[in-house]
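Heads up, the thing below is written out as structure tokens.
The values are calculated or read from the model by the stated rules, or taken from the named source; none is laboratory data. As the structure is a computational prediction, the values presented were derived from the model and not from experiment. With ideal geometry, Cβ positions are generated from the backbone for all residues, glycine too; neighbour counts draw on all protein chains shown. All accessible areas refer to the heavy atoms of the entire protein, side chains included, with ligands and DNA or RNA removed. Shrake-Rupley method; radii C 1.70, N 1.55, O 1.52, S 1.80 Å.
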Number of protein chains: 4
Amino acid sequence: MATNDRGILLLQCPDRPGVVASVSGFLYEHGGDIIRADEHRDPDSDTYFMRVEWGLDGFQLPPPDFAREFEPVAREFGMQWRIAKSSDRPGVAIFVSKSGHCLADLLYRHQIGELPCQIKLVIGNHDELRKLTEFYGIRFELVRGTPKGEVEGSLHRLLDESAIDLVVLARYMQILSDVLVGQYAGRMINVHHSFLPAFVGAKPYHRSYERGVKLIGATSHYVTAQLDEGPIIEQDVVRVSHRDSLESIVRKGGDAERAVLTRAVRWHVENRIMVHGNKTVVFS
Amino acid sequence: MATNDRGILLLQCPDRPGVVASVSGFLYEHGGDIIRADEHRDPDSDTYFMRVEWGLDGFQLPPPDFAREFEPVAREFGMQWRIAKSSDRPGVAIFVSKSGHCLADLLYRHQIGELPCQIKLVIGNHDELRKLTEFYGIRFELVRGTPKGEVEGSLHRLLDESAIDLVVLARYMQILSDVLVGQYAGRMINVHHSFLPAFVGAKPYHRSYERGVKLIGATSHYVTAQLDEGPIIEQDVVRVSHRDSLESIVRKGGDAERAVLTRAVRWHVENRIMVHGNKTVVFS
Amino acid sequence: MATNDRGILLLQCPDRPGVVASVSGFLYEHGGDIIRADEHRDPDSDTYFMRVEWGLDGFQLPPPDFAREFEPVAREFGMQWRIAKSSDRPGVAIFVSKSGHCLADLLYRHQIGELPCQIKLVIGNHDELRKLTEFYGIRFELVRGTPKGEVEGSLHRLLDESAIDLVVLARYMQILSDVLVGQYAGRMINVHHSFLPAFVGAKPYHRSYERGVKLIGATSHYVTAQLDEGPIIEQDVVRVSHRDSLESIVRKGGDAERAVLTRAVRWHVENRIMVHGNKTVVFS
Amino acid sequence: MATNDRGILLLQCPDRPGVVASVSGFLYEHGGDIIRADEHRDPDSDTYFMRVEWGLDGFQLPPPDFAREFEPVAREFGMQWRIAKSSDRPGVAIFVSKSGHCLADLLYRHQIGELPCQIKLVIGNHDELRKLTEFYGIRFELVRGTPKGEVEGSLHRLLDESAIDLVVLARYMQILSDVLVGQYAGRMINVHHSFLPAFVGAKPYHRSYERGVKLIGATSHYVTAQLDEGPIIEQDVVRVSHRDSLESIVRKGGDAERAVLTRAVRWHVENRIMVHGNKTVVFS
């Protein structure tokens, strides 16, 4: 039976001749028709990155066999790689506090089918966003208190029991433990309300206002143990002027926040992002 | 002796499995290390587009032999293709009238090495821009009058004797003959001072001002016999408001014009553009 | 008792010396402290536009008396004028069909207090958006059929009984009668999913895709009897490339649509827009 | 004889009722027809800012008399103020090193009349940009060495003898003495090649590249003793991706640099900027 499902292969390896030929040859041999290929060379580290999408209709290697057959190619070039299918719907948990503009955008787009993932859970350290979440038919859990000891335990349990693949911090105003951050390395996305590395840390809008900048920004990035220092996925800016009050800066900045967070989540669940050191390669 | 020169292959063909594997295999066999590959599938026409760059150092097929060896591959897939080298410097002629902002930008960037081409000739139907052109050491020719008969002959002669590969209309306010346009099909770039298809034809800024638009634009495109209807290469916009006079619209629009024209020229001479029907595929 | 309420005066008149002095003098005499003043001169028609905001705390002219006292000033300069208060919450009705992205944005922002109006009613010609509307506690009315005869009557009745000041067409895919449009002249805002005047009329995204444009746009404008020809309030664009399918163009364009429509509604209900001929003056 | 010349009044004072009425009344009394008025209130410091333009044709107060007549109004409200005429052409000196993209843009726009100032002098600490400068008929002076002692003396002498009102640092890669900076307080504009306050200090493009940002920026600001900390006039950004090399970041950033520097110079010489603490009010 025909299907529109696609295989997606992401790989990185030392940059040597023959990678494209080997990978495309491998897929061709097994009946995989390449639908899209993107690649990148990082000249500083001599690393090669590739993302290939191919039709699974007629492809003769079901996922369990793929690894076995692909392994010799991967070994030859020293590849790190992973595969996914375009029909996958990774499980997502969203952490929130009181501000709902990012959450509202994610939930709405999820509902109309713009985000190929399954939002399974919203965790709030306040109860304000329960109603909005539940309207969209998503479970809301209130987990108050500093994420340590018992609270930390609750978070782990919730994420584990829902089989969460991606954690999204949608203006969650609390710092998570290094353990949790470590467990979701490369799978936890935050939005910071400034154009990083400007205004790292607390109250970036206040400091933007005080500095008198003419553009304000927002940044989505993978979370690492270093606050606001993780690999940047996307950034955007909005023009402001002397006329803007702190209040209007917050409002306008919110539009940039939800835009960069939504794009980051989409690219992540579409398997378009590869992390390399502290940078991202985004095949958008 | 080591070189940084690169081969560039551009091709389009019916979309069938195996193109990537064949092309990358072909290059690999002949010692070509792929440095960058971009591809695109047009689902409407089932056409496949590819642009590959590879290192010529160690590549065993000099250009004259490339065609002979590549022909079987090309025939198998029904490819249209061409090759170039990154060290090529195509000959460029720029047509101007009185406005110099696009010309000044092209000449300056050419001089500092940002445009990998050889600007050989500026042809004006007014003499205003002679001094600017000659300052940059470029030949300026005044060719007055409607481009018909004798005038048309002069233009042809000038372009032929300078071996011009690309004609750039940098706010040239005259319509060229279909013969000249046909001769430079896919090799003649114009900038139109509107966001096409809005305000096709004469006086787009006046009409933008009268319509009360809130953004004005500029479009660079390949010239075809149909005025302002050719394949669009690049577009950009600038915000305006009720405060803008026609004069300030002209000034702000000029910034968009030179931006889209310069990008189009760069992409063209870097062999990044493929025309397909009335659209462009730009591997920027 | 102290209040933060502000008076807002909007006026236009033939451009003659002394308007600023007269208006600011008038407000000063009656204890009105000007908080913000914006003005504009249209040189083509020699028309002067002004918007003044002043504190009502201590202002000695309650609205009913304002007209009587201001009339001599207005008459002297031949002004058209109106006043409002920043605490006013005009009644808004939103017309929709099936696409909910603009509606979702308006409802969410309305709920969190970003839009100083009262959304009283959503009228759909399909029932898809009822749930979303009702979640936000707003009345939803299904009015199917061509807006003629009986249907037209229902629309009039609904708008009248809810005392609607502003009608917002949020991707409402039906044409309203000239009578209804006339009744809401300068008080009915539409969003068109193109960068007007490009792609007037039906299926602008399809035509954008076919034309191969590199930017797609959206336009919010007041509705007039001439389809897509009314005074433009706001426009925005999103970059696309040959990679974009019609589907992704629709998605990206949707972001521009909701942005320009939300801004237009905010500016309208904040009394920031003045219509002059077929243009708008927006004191944003 | 009729003239198009305009008077421009810039003022700031504590925010009290009656300023607009007093100023507009004053101008009206003396036959000044207000052509444009902009104002701003800073709520943090309760400061009021105003910029008024009025026609000098028929205005009965020549500049020498203006101060005498206006002084009582100014004293009443505690104003700091200055006047200028739209026909003024302030003297400008541009400091450069080797990069010419900002200089080329300023010189070209100056020549075609887009910048209402008189560029009198270009001072380089290298000789590379002499030819470009002299082509535009502007004097070029080479002043090598650290700006101390003798060198500092040369700079002062050059600026003094040319009666320079505004110093523009167009990618001048040397730090000026506090004395020179102090002498040109509010009259010396620099362009920094980052989105301040990100990447203050040396090599911002290198650091942008290393951090993996997705937008790069440029900032024009008034120079103060604190490096890169002065009042920001304008900022802009350009999108980059993992594909961008340091070289292409430098090229793309250069476009943002010249854009923000040219705008800052235009606004300054058009008397549109007021400095307040470490911020600017720009009536653009």
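Structure notes:
- Where C:E161, A:E270 fall by accessible area, highest first, once all protein chains stay in place (1.4 Å): C:E161, A:E270
- Scanning residues 5 or more positions from B:L142 or on other chains, those with amide H under 5 Å from its amide H are B:G124, with H placed 1.01 Å from N in the peptide plane.
- Using a probe radius of 1.4 angstrom, the carbon and sulfur fraction of the accessible surface of the range D:6-85 is 49%.
- Label-point separation in nm, A:R75 to D:E150, each point 7 Å along Cα→Cβ: 7.2 nm
- Cα gyration tensor shape of the range B:6-85, rounded if a/c is under 1.5, else prolate or oblate by comparing a/b with b/c: prolate
- Overall dimensions of the protein assembly as shown by Cα: Rg and Dmax, Å: 31.2, 92
- Plainly put, the tip 7 Å out from Cα toward Cβ on A:G31 is 4.0, 8.7, 9.4 nm from that tip on each other copy, the closest given first.
- Inter-part distance where the range D:200-230 and the range B:54-77 are each reduced to a Cα centre, Å: 46 Å
- Computed with every protein chain present, the accessible area of C:I35 is close to 50 Å² [probe 1.4 Å].
- Rounded to the nearest 10 square angstrom, A:H193 shows an accessible area of 20 square angstrom against a 1.4 Å probe.
- For A:I35, residues with placed amide H under 5 Å, excluding near neighbours: A:E53, A:W54, A:G55
- If you take all other residues with their beta carbon under 12 Å from the beta carbon of A:V265, and give Lys and Arg +1 and Asp and Glu -1, the sum is +1.
- Converting phi to 3J(HN,Hα) with the Karplus coefficients 6.51, -1.76 and 1.60 and the offset θ = phi - 60°, the range A:85-100 yields 10, 5, 7, 4, 10, x, x, 10, 10, 10, 9, 9, 10, 10, 6, x Hz in sequence order, with x at every glycine or proline.
- Scalar couplings 3J(HN,Hα) for the range D:173-189, obtained by applying the Karplus form with A = 6.51, B = -1.76, C = 1.60 to θ = phi - 60°, are 9, 9, 8, 8, 5, 4, 5, 5, 4, x, 5, 9, 4, x, 9, 10, 10 Hz; x denotes Gly and Pro.
- Modelled FRET efficiency - R0 45 Å, D:D42 with B:R36, Cβ distances, 0.05 increments: 0.30
- Per residue, the protein assembly as shown exposes an accessible area of 39 Å² to a 1.4 Å probe, with every protein chain left in place.
- Chain-alone versus full-assembly comparison, the range B:190-232, residues with accessible loss of at least 50 Å² (1.4 Å probe): B:F195, B:P197, B:Y209, B:R211, B:K214, B:L215, B:I232
- Over 25 Å between alpha carbons, listed pairs B:K203/C:K252; B:K214/C:K85; A:K252/D:K214; A:K98/C:K252: B:K203/C:K252; B:K214/C:K85; A:K98/C:K252
- Of all chain C C-beta atoms, the nearest to the rotation axis linking C with B is recorded, alongside its rounded Å distance, as C:A198, 2.
- Spin-label model, A:E134 to C:R139: label points 7 Å out along the Cα-to-beta-carbon direction sit 2.7 nm apart.
- Rounded FRET efficiency, nearest 0.05, which uses the C-beta distance separating C:E161 from B:E229 and R0 of 60 Å: 0.75
- Peptide C:32-42 is shielded by partner chain Cβ atoms: per residue, an average of 5 of them sit within 10 Å of its Cβ.
- Environment charge of A:G186, counting only residues whose C-beta is closer than 13 Å and scoring Lys/Arg +1, Asp/Glu -1: +2
- Helix A:101-111 vs. chain A, principal-axis angle (Cα, 0 to 90°, nearest 10): 40 degrees
- Summary for B:R157: label point 7 Å along Cα→Cβ; distances to the equivalent points in the other copies, ascending, 5.7, 8.3, 9.2 nm.
- Here r is the Cβ-Cβ distance between D:R16 and A:H206 and R0 is 35 Å; the resulting FRET efficiency, rounded to 0.05, is 0.80.
- The phi torsions of the range A:260-269, fed into the Karplus equation with coefficients 6.51, -1.76 and 1.60 and a -60° offset, translate into couplings of 6, 6, 4, 5, 4, 5, 4, 4, 5, 6 Hz, rounded to whole numbers, with Gly and Pro shown as x.
- Taking Cβ atoms as reference points and 13 Å as the exclusive limit, the residues near C:S87 contribute a net charge of -2, counting Lys and Arg as +1 and Asp and Glu as -1.
- Estimated inter-spin distance, D:I175 and D:N278, nm [label 7 Å along Cα→Cβ]: 1.7 nm
- Summarised as an ellipsoid, the range D:91-282 has semi-axes of 25, 18, 17 Å, derived from the eigenvalues of the Cα gyration tensor scaled by 5 and square-rooted, with the largest first.
- Heavy-atom SASA rank of D:W267, D:W54 (probe 1.4 Å, accessible area, largest first): D:W267, D:W54
- For B:Q118, the amide hydrogen comes within under 5 Å of the amide hydrogens of B:G91, B:V92, counting only partners 5 or more places away or on other chains and with H modelled in the peptide plane.
- Residues D:R157, A:R251, A:R258 ordered from highest to lowest accessible area at a 1.4 Å probe: D:R157, A:R251, A:R258.
- Top of B:T224, B:T133, B:T146 by mean-square fluctuation, Gaussian network on chain B, Cα under 10 Å: B:T146
- Distances between equivalent label points of D:G182 across the copies, with each point positioned 7 Å along Cα→Cβ, amount to 5.5, 7.4, 7.5 nm, shortest listed first.
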